[in-house]
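Undergrad: For reference, the structure I am asking about is given below.
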Amino acid sequence: MLKTMNLDWNSFFSTISQSASGMIAIIAAFIISKLLGENEKMESLEGQIDELIIDYNDIVHRVSHRKFEWLDKMEIDRDDDIETAIKAGEFNSLSDEDKLLKLYEIAPYLHQTDACLPALKKLIAELTPRGFGFNQLSHRLLRPVEVWYKVNEEHEKVKALQVDSYTLINKFTKLKEDCKSAQRNLKPIQNLLYILIIGFLVAAIYPLHFLPMGENENPSIEFSIAALKCSLFSFKGIFIILLTAVVIGIFGYFLYFIKEIRKGYKSLDDLLATKYLILKNYSPYFK
């Protein structure tokens with residue numbers, strides 16, 4: 001006749017609690033490592049953004065020294081298509097606004113500075129027939145070659161700065177996407193922390209309240225205020241509460257840490273304002 005072996009409930013609940021605690025500790029260690037990595041990533045992105053802002057200020061400073069108005073005056077002065085249009089009377093009877101629209105249609109490469117309209121009017125006056133019907137000789141033909149060399153040189157400097165601006169905008173855009181991607185990585189870590197908190201309470205702490213159990217005693221679950229008071233305010237219950245408070249406090253700190261990292265990324269988002277992503281903010285004359 002077979003004898004029924006009684007289950008050692010003390011060993012059973014103790015093993016469950018220890019196994020759950022060990023597993024939670026391993027996962028928690030992984031989370032800590034991951035969070036520290038995310039914090040380092042945020043600090044790295046912040047450093048990269050600071051460097052790009054320095055580059056942005058440098059470009060804006062260099063752009064401010066370029067002679068956009070002078071370039072527009074010189075280009076209007078030497079553009080054959082503009083001269084042909086003036087001689088053909090295409091600017092006759094046009095308002096100042098319409099003259100500018102016509103000018104930019106003929107020469108779309110102009111930077112559209114405030115110098116365009118005065119330069120155009122001056123050229124129209126020069127090319128208007130006078131006296132015996134001969135046009136006044138355009139002073140652009142009298143300029144030395146060195147002047148046009150300087151114009152071309154200034155154009156090259158402006159183009160180089162515009163290319164640098166485009167490159168910097170792409171870098172800012174890439175960093176903005178990296179920040180968004182990093183923020184999305186925090187959500188699974190936060191959810192995992194909530195799961196670990198629940199798992200710790202259910203699998204590691206709850207089995208401890210059954211201990212110790214007498215021989216041949218079966219576990220029972222009792223829902224009453226008296227049983228709750230007996231469990232909480234006993235010597236064993238106080239230590240379980242202290243253990244729970246310490247572990248939950250640690251998990252709570254990491255949840256707070258995630259919140260702070262999110263605040264850091266929010267600050268980076270604010271730092272990556274649209275002014276760094278729009279070409280016009282590098283110079284109103286860039287197109």
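Undergrad: Mind sorting 111, 61, 155 by how few other Cβ atoms lie within 10 Å of their own Cβ, fewest first? Could the numbers behind the result be given before it?
TA: Working: 111 18, 61 9, 155 15.
Listing 111, 61, 155 from fewest to most nearby Cβ atoms yields 61, 155, 111.
Undergrad: Return the sequence-ordered ³J(HN,Hα) values of the range 191-202 in whole Hz as given by the Karplus equation 6.51 cos²θ - 1.76 cosθ + 1.60 applied to θ = phi - 60°, using x for Gly and Pro.
TA: Those phi angles translate into 4, 5, 5, 4, 5, 5, 4, 5, x, 5, 5, 7 Hz.
Undergrad: Then there is this: What pairs in 174/280; 67/275; 87/157; 87/287 have C-alpha atoms more than 27 Å from each other? Display every interim value, and only then the final one.
TA: Details: 174/280 19 Å; 67/275 23 Å; 87/157 32 Å; 87/287 29 Å.
Listed pairs above 27 Å: 87/157; 87/287.
Undergrad: For a quick protection proxy, order the peptides 25-31, 259-265 by their average other-Cβ count within 10 Å, most packed first.
TA: Details: 25-31: 13.9, 259-265: 15.7.
Highest to lowest by the protection proxy: 259-265, 25-31.
Undergrad: If you don't mind, there's one more thing I want to ask. Using each residue's phi in the range 56-62, evaluate 6.51 cos²θ - 1.76 cosθ + 1.60 at θ = phi - 60° and report the 3J(HN,Hα) Karplus result to the nearest Hz, with x for Gly and Pro.
TA: 4, 4, 5, 5, 4, 5, 5
Every number in this text was worked out from the coordinates using simple rules, so none of it is lab data. Note that this is a predicted model, so its numbers are computed, not measured. Ideal geometry is used to build each Cβ from the backbone, glycine not excepted, and the neighbour counts take in all protein chains shown.
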